[in-house]
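The block underneath contains the structure these notes are about, expressed in structure tokens.
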Amino acid sequence: MKLSQAHINTLREVPGEAEIPSHIWLLRSGMIRRTVSGVYGFMPFGLRTVRKIEAIIREEMDAAGAQEILMSAIQPAELWRESGRWFAYGPELWRVKDRHGREFCLGPTAEEVFADIVRSDVDSYRRLPLNLYQIQTKYRDEARPRYGLIRSREFIMKDAYSFDRDWEGLDKSYRIMYEAYEKIFSRCGLNFRTVEADSGAMGGKDTQEFIALCEYGENDIVYCAHCGMAANAERAAGVDAAPSDEEMLPVSEVRTPGAKTIEAVADYLGLPKEKTIKALLFSVRGADGGGDADCGGDAERCGDGYAAVFLRGDRTLNMTKLVNALGVAEHMIGFADEKAMGAKTGSVAGYTGPIGLHDCRIVVDSELRGLKNLCAGACKEGCHLLNVNYGRDYEGAIVTDLKLVGAGASCPVCGRPLSAARGIEVGQVFKLGTKYSESMGAYYKDENQEAQPIVMGCYGIGVTRTAAAVVEQNHDGKGIIWPMSVAPYHVIVTLVKPDDETQRTAAERIYAALTAGGAETLLDDRDERPGVKFNDADIFGIPIRITVGRKAADGLVEYKRRREEEATELTSDGAIAKALADVRAEIRGKDA
Ligand code: ATP
Ligand code: MG
């Protein structure tokens, strides 16, 4: 491609909405273009990178025995009602109506659609196992679209679904997908880690996420350098403090005026925070709050109303664990209005403790059971209670691990201190089991003609998010540094003076030879200052730059890798040979 004919539009300024490097550089290079918040389009170079990621995914999925199909992004509400997710998915589900008032959603994922395919197409065990996938635009009306392609409302996802006769079959299908994902992300040039992930209140069993490690990632992960345990912090099990063998002392009330936070109370009473109990108050909406009343089961399980959560004062609540413990969808829970909750339950803002509360669910972190003589709010303005003990003074309707685990916490497997890191979830593999096949009636007949539920797995990759994650890991102060495997072009030939006949002839010869040799090559033949051309080549992140300038008269050009500072001088033929060799060596990514 000659740049003089290409549709490119690099930006000099950092666009206001962009906060992190991938977002900044994808916009500044003109590879993506914002339509509205969380909705992006792809310009020619951006689209080439997306297509390359898709091609890598296709190759590895096909090699793993999966078959590609393409379903519509428009999904009828009925399918989602069958699985129970029309309600449970919450406001992220992009709901639309047709002219007759019939309800649909723009698919955020497609378990229902794929379960619907197999329930009608697969009748016998002979047709299993099966793995179907698609690469398709997905829609999620995210509460906070941000970071460009990382959290957008419209994005491209590869989603695959495996169908097996039994759990053993699923284990195998899952393993195959896991290995395919390792190859895919390696080939995309990502530095990633796989972690145990949360399977949520929505059923399912094992699940792992592929996290591209980087500073700005939205996912916190913890891992143990000693035993190899690695988990999303949402999921990582907390280790309870050892039970105390203190004698239980009698409860006594103390005045703590103005001490409404754990810090203030601990300070005021001269107690370590570990001797206090922290209260967090939530309201939990039932089926009438979330959009659709035909999935009222959740409301029954949880009850509309309030939940008071208690943890040791120095701990942090893990919201995912709370949502799972309550068995509700995440969108049904929020911080309580303290006044309204106080009127109904006896809680008192800043002074709530587990004794004296009524008409609300008491949820207690498991370690409080074993700790003795703690200080908690007295449910009375300006007062706390000393020597509060679980069992004797209060009990929880739910007692479970609610702790958020971070760096330095004990590894739940071996007990050594954990390390923490951040990253971007680029993919997830999930053993769904029979949740969808049972709710939607996807059964097959086994050898004895008996109906059995199909055992499902699902496997997602954020294609456009992966592109952003690659940039997040591969950039510098001048722009993107694409790995060869996903670069929009492999080589850029920078013609310094287009009106110099010798330079032009040399550059065009190199361009033609590289293109003929299979290297995807750009020729910067624009009538621009050299500085502009060099800057643009750096912003685009093309892995190899061959500069044809004054020395073309002596048959010499400059050969420079985007990642390196220094250029080397080569003959034109030497540069062609080296570029073709470098491209061939790197084009299949890290696993080549
Ligand atoms: P997150 O926790 O980041 O919201 P998720 O776990 O809900 O994501 P999945 O349902 O596992 O997402 O979707 C599969 C993949 O799709 C994710 O691993 C991610 O790469 C991608 N993805 C999900 N949501 C978005 C989004 N809003 N924008 C871009 N990619 C996304
Ligand atoms: Mg996920």
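Quick one: in the stretch 1-48, which of the residues that are without any contact (Cβ under 8 Å) to a residue 24 or more places away in the chain and among the acidic types (Asp, Glu) is farthest from Arg151 (Cα to Cα)?
Residue satisfying both the conditions and the ranking: Glu13.
Go through the residues of the stretch 492-512 one by one and say whether even a single one is open to solvent by 30 Å² or more (accessible area, probe 1.4 Å), under 26 Å from Leu190 (Cα atoms) and at pLDDT 95 or above.
There is no residue in the stretch 492-512 that is open to solvent by 30 Å² or more (accessible area, probe 1.4 Å), under 26 Å from Leu190 (Cα atoms) and at pLDDT 95 or above.
Given the criteria of a type in the set (Phe, Trp, Tyr), open to solvent by 30 Å² or more (accessible area, probe 1.4 Å) and either away from ligand 1 (no atom under 16 Å from the Cβ) or at positive phi (or both), does Tyr390 qualify?
In short, yes.
Being open to solvent by less than 10 Å² (accessible area, probe 1.4 Å) and within 15 Å of ligand 1 (Cβ to nearest atom) is the filter here, so list the residues in the stretch 426-435 that pass it.
Val426, Gly427, Val429
For the stretch 78-85, does any single residue satisfy the condition of being of a type in the set (Asp, Glu), more than 23 Å from the chain's Cα centre (by Cα) and over 30 Å from Leu495 (Cβ atoms)?
The answer is yes; a qualifying residue exists.
If a residue counts only when it is open to solvent by less than 10 Å² (accessible area, probe 1.4 Å), which strands (runs of 3 or more DSSP E) contained entirely in the stretch 45-144 have at least 3 such residues?
Ranges flagged: 130-139.
One line per residue, one yes/no per condition, for (1) at pLDDT below 95; (2) part of a loop (DSSP other than H, G, I, E, B); (3) within 24 Å of the chain's Cα centre (by Cα):
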| site | (1), (2), (3) |
| --- | --- |
| Ser4 | no, no, no |
| Asn9 | yes, yes, no |
| Arg12 | yes, yes, no |
| Ala18 | yes, yes, yes |
| His23 | no, no, yes |
| Leu26 | no, no, yes |
| Gly30 | no, yes, no |
| Tyr40 | no, no, yes |
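I want to confirm something. Restricting to the stretch 393-439 and keeping residues that are in a loop (DSSP other than H, G, I, E, B) and among the acidic types (Asp, Glu), which single residue is farthest from ligand 2 (Cβ to nearest atom)? Step through it out loud before you land on a result.
Going through the stretch 393-439, the residues in a loop (DSSP other than H, G, I, E, B) turn out to be 393, 395-397, 401-402, 404-409, 411-416, 418, 434.
Filter again for among the acidic types (Asp, Glu), leaving 393, 395, 401.
On the way: Asp393: 41, Glu395: 35, Asp401: 21 Å.
Applying the filter and picking the extreme gives Asp393.
Residue-by-condition table, conditions (1) within 12 Å of ligand 1 (Cβ to nearest atom); (2) hydroxyl-bearing (Ser, Thr, Tyr); (3) touching a helix residue (DSSP H, G or I) at 6+ places or on another chain (Cβ under 7 Å); (4) open to solvent by less than 30 Å² (accessible area, probe 1.4 Å):
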residue	(1), (2), (3), (4)
Ser439	no, yes, yes, no
Cys458	yes, no, yes, yes
Ile461	yes, no, yes, yes
Asn474	no, no, no, yes
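Which of the numbered conditions does Leu213 fail, given that it passes all the others? Conditions: (1) within 14 Å of ligand 2 (Cβ to nearest atom); (2) closer than 24 Å to Thr320 by Cα; (3) out of contact with any Leu (no Cβ under 7 Å at 6 or more places or on another chain).
(1)
Among the residues of the stretch 304-319, are any in a helix (DSSP H, G or I), at negative phi and crowded, with 17+ Cβ neighbours inside 10 Å?
no
So, of the residues in the stretch 252-277 that are open to solvent by 60 Å² or more (accessible area, probe 1.4 Å) and part of a loop (DSSP other than H, G, I, E, B), which turns out to be nearest to Thr316 (Cα to Cα)?
Thr261
Would you be able to tell me the number of residues in the stretch 151-165 that are near ligand 1 (Cβ under 6 Å from one of its atoms) and either open to solvent by less than 30 Å² (accessible area, probe 1.4 Å) or touching a Leu at 6+ places or on another chain (Cβ under 6 Å) (or both)?
Of the residues in that region, 2 qualify.
Need a quick list: helices (runs of 4 or more DSSP H) entirely within the stretch 461-561 having at least 1 residues that are aromatic (Phe, Trp, Tyr).
501-516, 530-540
Look at Phe87 and say whether it is more than 16 Å from ligand 1 (Cβ to nearest atom), modelled with pLDDT of 95 or more and touching a helix residue (DSSP H, G or I) at 6+ places or on another chain (Cβ under 9 Å).
Numbers: more than 16 Å from ligand 1 (Cβ to nearest atom): yes; modelled with pLDDT of 95 or more: no; touching a helix residue (DSSP H, G or I) at 6+ places or on another chain (Cβ under 9 Å): yes.
Here the answer is no, as Phe87 does not meet what is asked.
Condition test on Leu190, is it within 15 Å of ligand 1 (Cβ to nearest atom), in the same structural domain as Gly433 (by TED's automatic domain parsing) and of a type in the set (A, V, I, L, M, F, W, C)?
Details: within 15 Å of ligand 1 (Cβ to nearest atom): yes; in the same structural domain as Gly433 (by TED's automatic domain parsing): yes; of a type in the set (A, V, I, L, M, F, W, C): yes.
Yes; evaluated as a whole, the condition is true for this residue.
Report whether or not Gly479 is more than 16 Å from ligand 1 (Cβ to nearest atom), touching a Phe, Trp or Tyr at 6+ places or on another chain (Cβ under 8 Å) and within 30 Å of Thr49 (Cα to Cα).
Taking the combined requirement at face value, the residue satisfies it.
The values are calculated or read from the model by the stated rules, or taken from the named source; none is laboratory data. Quantities reported herein were computed from a predicted structural model and do not represent experimental measurements. Please note: Cβ atoms are built from the backbone with ideal geometry, for glycine as well, and neighbour counts cover all protein chains shown. The accessibility values were calculated without ligands, DNA or RNA, using every heavy atom of the protein model including side chains. Shrake-Rupley method; radii C 1.70, N 1.55, O 1.52, S 1.80 Å.
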